[in-house]
Amino acid sequence: MIPSPETLTSEWLTECLQKAGHDTEVVSFTQERVGTGQIGLCNRIVMETRGGPAPKSLIGKFPSPNALSRGTGVNMGTYLREVRFYREMQSLVSISTPRCYFADINGKGPEFLLLLADAAPAKQGDQIKGCDERVARAAVMELVGLQAPFWNQAVNERFDFIAPRPTVGGGGQERFLDLFGKFRERYAPRLSDDIFELIDRFGHGMQHLQARLAERPSAVVHYDYRLDNLLIDEAVEPPRISAVDWQTVTQGNPMTDVAYFLGGGLPPEERRRIEETLVREYHDGLCAAGIRDYSFDDCWYDYRLSVFFGFRVVVTASMIVQQTERGDEMFMTMARRHAAHAADLGSDEFLSS
């Protein structure tokens, strides 16, 4: 049985804790919604227990109550992908992730449940507000532990829930341009013409970009590595980062995660000040993890090549999940930041052959 928020019971929670090695019994519990996710619903489950030591709270991740977002989770395989990440891949990477007490799904969903350790007092990052250099450095360095273990491996041959690397064509460009038309109509009053023109150029140059990326190194990538998907404890030094929302995990250019995080999560003036330093430190981390034949020049080239990925997320995600006030503000903030990023690095040169 896969419980919903309404059918969750003390007995079921007790069974999960005991299977995890806790000699305890859940006497009662309460739930409260946490986070800002749009495809999933996250509740903090606060438990009263008796017996041996046990967590006092857990995070339950359930399907979204919104029909559009829930359908997206099923159709795009995001529910299935996240469950299988925790069941099959979590133990093989060293990026910090919350302990998983339960992970199961009925087919491709929408019925699924993840029961995860509560990272409190860590707090969810804020994509709109951004972060300081300490948090940015810690977040970027965590990516080494995700990407180094599967560097240049055919990950999809080992894990069938991981898609092959994107190939040129395949309808991706046509779909993006169709969604971009809707995106432009909805957000015309909120973005400048030069941003729309750059996104349009990206859409029409997507195949050229994919061809370049197909020749570059590959690794496991989170594919939505941003502040809203990080739990951050700033009471320690360096800040402790835990990555969640593994619904889009796939294989691709490792710098996709780095460029997407820095370009979309930091105000442009802060990003300009620290980005080369952080990319160099990330590269040093890869070298220390045993990655060879990947120079800093290669790393920086891939970083510049990857800055447009943010547009793909902003346009696509905004059109296929429930529209919310905060979501609109976040997507607009990200669009402006990614446009500034591309301009600063002269990455538009990659949009044509």
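Filter segment 227-256 down to the residues that are farther than 27 Å from ASN43 by Cα and in a helix (DSSP H, G or I) and list them by number. Quick ask: steps written out before the conclusion?
Taking segment 227-256 and keeping what is farther than 27 Å from ASN43 by Cα, we get 237-238, 251-256.
Hits for segment 227-256 are MET255, THR256.
With the structure loaded, tell me whether LEU17 is outside any strand (DSSP E or B), farther than 21 Å from ASP228 by Cβ, of a type in the set (A, V, I, L, M, F, W, C) and not assigned by TED's automatic domain parsing to the domain that holds GLY327 or whether it fails that test. When the stated conditions are applied, LEU17 passes them. Contact map, segment 81-96: first residue in contact (Cβ under 8 Å) with a residue 24 or more places away in the chain, second residue of a type in the set (Gly, Ala, Ser) and in a helix (DSSP H, G or I), Cβ cut-off under 7 Å, separation 6 or more or different chains; pairs are VAL93/GLY145; SER94/GLY145; ILE95/GLY145.
The criterion of at least 1 residues that are farther than 18 Å from THR248 by Cα is met by the following helices (runs of 4 or more DSSP H) wholly inside segment 65-152: 67-75, 133-147. For segment 278-296, the set of residues classified as over 10 Å from VAL140 (Cβ atoms) and either outside the structural domain of ILE128 (by TED's automatic domain parsing) or of a type outside the set (Asp, Glu) (or both) consists of ARG280, HIS283, LEU286, CYS287, ALA288, ALA289, GLY290, ILE291, ARG292, TYR294, SER295, PHE296, listed by residue number. Would you check if there is a residue in segment 2-11 being more than 28 Å from the chain's Cα centre (by Cα), part of a loop (DSSP other than H, G, I, E, B), in contact (Cβ under 8 Å) with a residue 12 or more places away in the chain and surrounded by fewer than 20 Cβ atoms within 10 Å (Cβ to Cβ)? No: segment 2-11 contains no residue that is more than 28 Å from the chain's Cα centre (by Cα), part of a loop (DSSP other than H, G, I, E, B), in contact (Cβ under 8 Å) with a residue 12 or more places away in the chain and surrounded by fewer than 20 Cβ atoms within 10 Å (Cβ to Cβ). The set of residues in segment 185-204 being assigned to a helix (DSSP H, G or I) and touching a residue at least 24 places away in the same chain (Cβ under 8 Å) consists of ARG186, TYR187, ASP194, ILE195, LEU198, ILE199, ARG201, PHE202, GLY203, HIS204.
The values are calculated or read from the model by the stated rules, or taken from the named source; none is laboratory data. Here the structure is a predicted model, which means the values were calculated and not measured. Methodologically, a virtual Cβ is constructed for each residue, glycine included, from the backbone with ideal geometry; neighbour enumeration extends over all protein chains shown.
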